[in-house]
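Note sheet for the following structure.
The values are calculated or read from the model by the stated rules, or taken from the named source; none is laboratory data. Since the structure is predicted, the reported quantities are computational estimates derived from the model, not experimental observations. Quick reminder, even Gly has a Cβ in these numbers, built from the backbone with ideal geometry, and neighbours come from all protein chains shown.
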Amino acid sequence: MNKDKILITISGLDKVGIVAGISNTLAQLNVNIEDIKQTIMQDHFVMMMLCDMSSSNNSFKTIKEELIKSGEEIGMEVWVQRKEIFDKMHTI
Amino acid sequence: MADFNEKDIIETIQMIKVHHLDIRTTTLALSLRDCISEDIKIAGDKIYKKITKYAKNLKKYADDLENEFSIPIINKRIAITPISLIGESAKNPDYIYLAKILDEAASEVGVDFIGGYSALIEKGCTKGDEIFLESIPEALATTSKLCSSVNLATSKAGINMKGVLKTADIIKKSALLTADKDGLGAAKFVCFCNSVSDNPFMAGAYCGINEPECALNIGVSGPGVVRWAIENMPKDAPLGEVANTIKKTAFKITTTGELIGRELASRLNIPFGVIDLSLAPTPAKGDSVAGIFQAMGLEQAGAHGTTAALAMLNDAVKKGGIMASSYVGGLSGAFIPVSEDAGMINAARQGVLTIDKLEAMTSVCSVGLDMIAIPGDTPATTIAGMIADEMAIGMINKKTTAVRIIPVPNKKEGDWVKFGGLLGEAPIMAMNKLDSSVFVNRSGRIPAPIHSLNN
């Protein structure tokens, strides 16, 4: 289902343990990672993860809160959004 | 596996985080035609019940969507059938009572504003309309969420000049009754030519009598995003290319609004109405229509060339937006309020943006002379002249025009006024001192223009 696709954007200074920290939280929440891309923007590390939350028993709200919390623990800003907003905005 | 493009993701997040892309309003339009009663108390009860039933979850669901898409939804509003029509069948048409009921219902469901304390009098008043008009200043002074509007002219009916003078009086009284808040009452009132029955923006939102039972109308915002897109272009890029960039940006802004609108309508289990393609500024730095003119290459809003820049902007926003949505409506044009736009405020403060220039600008965009603070001692006849001019622009050009001005009590040209929040702040602007009184006191109706006879 389209509604179950979420995009997580993590940004901040590059350091050890970013992927591990976020992935670990996702595993605990039973959210599946489908794709990961990363880039450097204005000296900032930016990682984007496409995930599917259809198998998770947690609500979007909980998933978002948990991810933001684990982002804070490693000093990274985390954005969690339903993927639809990107699909709508950038495709005709 | 679904695909995604990292540049798109970063652009979207920048649009929201840095350049103030937001959903300006989600407005529930609700018909109150079935609330009419001979007894005003019964009408009031029906109105309260209907509003609190339909709008019960508006705020909660909008907040949920804000969280899911990480895009701010600034205002949640309700627009109702012009209340003049609902109250006039009552034996005791106590409109102040209805105003309080509407305000209470709006507070109960947690919306920011409720609009529709309105009358449509372009051709003249009914007895009920006359009683209603008298109630507007007190209604605005004794409520906090209520917004009021009056339609004074259309391209088909002409301009009700008696109504224009009466409206000038309403504006003066509304400001005076709220003198302790710098005339805030007048900021919650707007008069129109060719008012729009599915407009989601305040102060002029109402649910037209030709509208369905209910619908969800959306207003997006994004002057900051448009400015950013233009600033990223070379300074010598031809205007055709600039227009194209605006179109592409408007498309992105509008699809987002459409997505949120459809999702919210579906959760509320009501039909999606329209998306209003307007660029609505806020006092926040960068979220400014005047900033777009600067990005296009004008020193400030008010420079010669501003009207041309605004005409192109307004048109390009529509061309880009129309592709992005099935149903476009409302006002759909760039807004040029003074006190709500940091760039306009600056230009007005320096005296380079005048009311005359603003009037010229309203001939190429929606909506009109908006959020302009003027000296409190401006005669009602001068305000009436100002309204008549604006109505004429709308009538002849078959477009919506409006006037929302605040004659700030006890303040004079050059003084400063702060309304707070989205209403912003502004200097008191200079008015033309010439006398219009004999003209506006002639009363009667300016006949509809020849091109209204198009059958």
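Being buried (at least 21 other Cβ atoms within 10 Å of the Cβ) and over 10 Å from the mean Cα position of the chain (by Cα) is the filter; apply it to region B:197-213 and report the residue that is farthest from B:ILE80 (Cα to Cα). Selected residue: B:ASP198.
What are the residues in region B:96-127 that are more than 22 Å from B:ASN217 (Cβ to Cβ) and either more than 21 Å from the chain's Cα centre (by Cα) or surrounded by fewer than 23 Cβ atoms within 10 Å (Cβ to Cβ) (or both), if any? Let's see the steps before the verdict.
To start, the set of residues in region B:96-127 that are more than 22 Å from B:ASN217 (Cβ to Cβ) comprises B:96-101, B:104, B:121-127.
Within region B:96-127, B:ILE96, B:TYR97, B:LEU98, B:LYS100, B:ILE101, B:GLU104, B:LYS123, B:GLY124, B:CYS125, B:THR126, B:LYS127 meet the criteria.
Scanning region B:147-180 for residues that are touching a residue at least 40 places away in the same chain (Cβ under 8 Å) and basic (Lys, Arg) yields B:LYS156, B:LYS162, B:LYS172. With respect to (1) surrounded by fewer than 24 Cβ atoms within 10 Å (Cβ to Cβ); (2) of a type in the set (Lys, Arg); (3) out of contact with any Pro (no Cβ under 8 Å at 6 or more places or on another chain), the lone exception for B:LYS172 is condition (3).
Scan region B:65-77 and tell me whether some residue there is free of Cβ contacts under 8 Å to residues at least 12 places away in the same chain and touching a Lys or Arg at 6+ places or on another chain (Cβ under 8 Å). Yes: one or more hits.
Against the test of being buried (at least 18 other Cβ atoms within 10 Å of the Cβ) and over 22 Å from B:PRO212 (Cβ atoms), the options B:PRO93, B:PRO72 yield a single qualifying residue, B:PRO93. Residues in region A:3-59 that are free of Cβ contacts under 8 Å to residues at least 24 places away in the same chain and of a type in the set (Lys, Arg): A:LYS37 only.
Just checking, does region B:249-260 include any residue being in the same structural domain as B:MET296 (by TED's automatic domain parsing), free of Cβ contacts under 8 Å to residues at least 24 places away in the same chain and either touching a Ser or Thr at 6+ places or on another chain (Cβ under 7 Å) or surrounded by fewer than 22 Cβ atoms within 10 Å (Cβ to Cβ) (or both)? Reasoning before the result, please.
From region B:249-260, those in the same structural domain as B:MET296 (by TED's automatic domain parsing) are B:249-260; that's our starting set.
Restricting the remaining residues to those that are free of Cβ contacts under 8 Å to residues at least 24 places away in the same chain gives none.
No; the residues of region B:249-260 include none that is in the same structural domain as B:MET296 (by TED's automatic domain parsing), free of Cβ contacts under 8 Å to residues at least 24 places away in the same chain and either touching a Ser or Thr at 6+ places or on another chain (Cβ under 7 Å) or surrounded by fewer than 22 Cβ atoms within 10 Å (Cβ to Cβ) (or both).
Entry remark, region B:228-242: residues being crowded, with 18+ Cβ neighbours inside 10 Å and touching a residue at least 24 places away in the same chain (Cβ under 8 Å) number 3 in total. Restricting the search to helices (runs of 4 or more DSSP H) fully inside region B:1-120 and requiring at least 2 residues that are within 14 Å of chain A (Cβ to nearest Cβ) and under 30 Å from B:THR254 (Cβ atoms) gives B:6-17, B:58-69. One residue stands out in region B:127-150 among those that are part of a strand (DSSP E or B) and not small (Gly, Ala, Ser): the one that is nearest to B:SER89 (Cα to Cα), namely B:VAL150. Residue count for region B:255-292 under the criterion of being away from chain A (no Cβ under 14 Å), under 19 Å from the mean Cα position of the chain (by Cα) and under 26 Å from B:CYS207 (Cβ atoms): the result is 9.
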